Amino acid sequence: MSIAQKDLTFQKLGLDCANWTEPVYSDLLRRSADNEERMLMLYFNRIGWPTSLPTSEKEAFVKSVLREKKIALEELMLKSLPLRPGVENFIDDACNKGIPVIILASYSKSGDKIARSIVQRLGHERLSKIKVIGNEEVEKSLYGQLVFGKAMTSSLDEQLAKEARKAASAEKQRIAKEVASILKVSVDIDTSSSESLEKIVAALRAGAEIAGIPVYKCILIAGSKSGVAGAEQIGMPRVVLRSSFTSRAEFPSANAIMDGFGGADLTISKLCQKRWS
């Protein structure tokens, strides 16, 4: 949730007490590990929850805020939020050098449709040279069919890994409840992050599959910790592009961190010259 999206969302909900300055936003982003629900929980734990809100309805309240945030984001998109400076030249350079460009819209927090609407601003000619991977493309990919159970056969390793993640998540919840029972406190372990990471990995593998390039020879250019975590899990090189909201965030597993496209920052030439370990 960006500061602009937050402002529109909190205004609609009548939360005049909420105020996210850039330092506050950066701190929440770092502490929440890019998890929006946790970000809101941390914030309201800090400033205090609405006085009329029962404790039992905190989770529902957070979800309502995120729903309003999605609407606010759509409104921002209608106002033609500009593309990042230099991205068009970067894509053109890649295409001219015969390097496949894949844009992943499927794990975008803003949603597949909204992500595609942003991509449309690249122009028809440019879009004809690249691939945009959304939810449908991921599901139709070989990896997507295997992992999401839409194929008659599946890789044993993939199935075992998926079941192991489910079992580990369930065991964490069971142990937490037992400890909570002994200590007479309530506890709720968030296991949604593993599901989100699974979707990101599926998108990354589908992108590599459609590009026809091995995962370890692809390069993910991302701005979020979730994307970097997914790429790290499958051994895909990853470059982080900082923004004003992530200027203080740490990305220890990134292979490189840049401030933008072009010039002294990220260029196709630099990517081609880099030796990824």
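The values are calculated or read from the model by the stated rules, or taken from the named source; none is laboratory data. Everything numeric in this text was worked out from a predicted model, so none of it was measured. Virtual Cβ from ideal backbone geometry, glycine too; neighbours counted across all protein chains shown. Areas reflect the complete protein model, heavy atoms only, side chains present, ligands, DNA and RNA absent. Shrake-Rupley method; radii C 1.70, N 1.55, O 1.52, S 1.80 Å.
Structure notes:
- Of all residue pairs spaced 6 or more apart or on separate chains, those with beta-carbon atoms under 7 Å, a first member in segment 208-235 that is under 20 Å from Glu250 (Cα atoms) and a second member that is of a type in the set (Gly, Ala, Ser) and not in a strand (DSSP E or B) are Leu220/Gly227; Leu220/Ala231; Gly223/Ser243; Lys225/Ala33; Ser226/Ser196; Val228/Ser253; Val228/Ala254; Glu232/Ser253.
- Restricting Leu104, Leu29 to those that are modelled with pLDDT under 75 and within 17 Å of the chain's Cα centre (by Cα) reduces the list to Leu29.
- Options Arg116, Arg121, Arg126, Arg165: the member that is modelled with pLDDT under 80, assigned to a helix (DSSP H, G or I) and assigned by the TED database to the domain that holds Ser226: Arg116
- Residue match in segment 262-271 (condition: hydrophobic (A, V, I, L, M, F, W, C), in contact (Cβ under 8 Å) with a residue 60 or more places away in the chain and farther than 23 Å from Arg30 by Cα): yes
- So Ile213, is it at pLDDT 90 or above, surrounded by fewer than 18 Cβ atoms within 10 Å (Cβ to Cβ) and not in a helix (DSSP H, G or I): yes
- Of all the residues in segment 220-248, those that are assigned to a loop (DSSP other than H, G, I, E, B) and surrounded by fewer than 19 Cβ atoms within 10 Å (Cβ to Cβ) number 8.
- Checking each residue in segment 48-58 for being open to solvent by 70 Å² or more (accessible area, probe 1.4 Å) and either touching a residue at least 12 places away in the same chain (Cβ under 8 Å) or touching a strand residue (DSSP E or B) at 6+ places or on another chain (Cβ under 7 Å) (or both) picks out no residue at all.
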